[in-house]
1. Checking Y126 against (1) free of Cβ contacts under 8 Å to residues at least 24 places away in the same chain; (2) closer than 26 Å to P191 by Cα, which single condition isn't satisfied?
2. Which numbered condition trips up D234, out of (1) free of Cβ contacts under 8 Å to residues at least 12 places away in the same chain; (2) of a type in the set (D, E, K, R); (3) assigned to a helix (DSSP H, G or I)?
3. Test each condition in (1) under 20 Å from S78 (Cβ atoms); (2) under 21 Å from the mean Cα position of the chain (by Cα) for H217 and report the one that comes out false.
4. So which residues in segment 187-209 are small (G, A, S) and either under 21 Å from R115 (Cβ atoms) or assigned to a strand (DSSP E or B) (or both), if there are any at all?
5. Those residues that are in a helix (DSSP H, G or I), in contact (Cβ under 8 Å) with a residue 40 or more places away in the chain and basic (K, R), I need them from segment 95-121; list them, please.
6. Which numbered condition trips up S92, out of (1) closer than 16 Å to D186 by Cα; (2) surrounded by fewer than 24 Cβ atoms within 10 Å (Cβ to Cβ); (3) touching an Asp or Glu at 6+ places or on another chain (Cβ under 9 Å); (4) polar (S, T, N, Q)?
7. Of the residues that make up segment 81-94, is at least one outside any strand (DSSP E or B), touching a strand residue (DSSP E or B) at 6+ places or on another chain (Cβ under 8 Å) and modelled with pLDDT under 65?
8. Looking at (1) over 19 Å from the mean Cα position of the chain (by Cα); (2) surrounded by 14 or more Cβ atoms within 10 Å (Cβ to Cβ), can you tell me which one V153 breaks?
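The values are calculated or read from the model by the stated rules, or taken from the named source; none is laboratory data. Please read all numbers here as calculations on a predicted model, not as lab measurements. We place every Cβ from the backbone using ideal geometry, glycine too, and count neighbours over all the protein chains shown.
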Amino acid sequence: MNRTALFTLTIALTICLLASAGCTGTSGTSAQPQVVTTQTPPAVSFNATPVQYAQVNGVMLGYREFGSGEPVLISLYSDDAAGLMTALGYDSMHVYGVSMGSSVSQQLAIDHPERVQKVVLDSSAYSVRLPETKKLLGEIEGAAASPAVTEGVHREAQANLAWNGSWDGLSGIHKDVMLVVGTNDDLTPDPVSVRMAGQINGSWLVRFKGLPHAASHYKPVEYGENALYFLGMDESP
């Protein structure tokens, strides 16, 4: 293989609701009552069910069942990302992770370093339990406890809360890493990225003045040019 590609890590959990309905017609006779039998679907295991892949508008998507109550972990997401690379036919890729995606990207670089080329960590934190990330933690705890959120959001919140963080592994990342953060980010404030940059040897730190959390949609051209410049830079000795 040994092919090179820009890999944008996007975490999306899609919940498909399948509804079945009976069809009625007017044949001149009165409708007969229908007896509907409800069956409980068998439990599905995360570990026993392989990731499935689908081609949608030229994009390969990886997905798995929600399972039978097994916890969803950040490490599971990173394992899935490594598996997606294999499914796409690549040995390794550049990785761009935003917000929760940056947590998955950190774990991917730690657990599967051979699959990672360069890494961009946008709006990052090495743990949700930091003095600077109290607002983020509150929102995640609220999502985990709320019955109103979708199952996908609920599981993502649980994964964040179960994550032990990446601090101890950051110094072992021997890849080209760029951290990106807005100076007005109130969920993963820029002092956290500054601290992470000091822990990852040789990493870059780019701070966008006055921008909030995950702000690429505010300045897409600037963010895109910044990423392409970093990915195109040859830092080999």
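1. (1)
2. D234 satisfies every listed condition except (3).
3. It is condition (1) that H217 fails.
4. Passing the criteria: G202, S203.
5. none
6. Only one criterion in (1) closer than 16 Å to D186 by Cα; (2) surrounded by fewer than 24 Cβ atoms within 10 Å (Cβ to Cβ); (3) touching an Asp or Glu at 6+ places or on another chain (Cβ under 9 Å); (4) polar (S, T, N, Q) is unmet by S92, namely (1).
7. no
8. (1)
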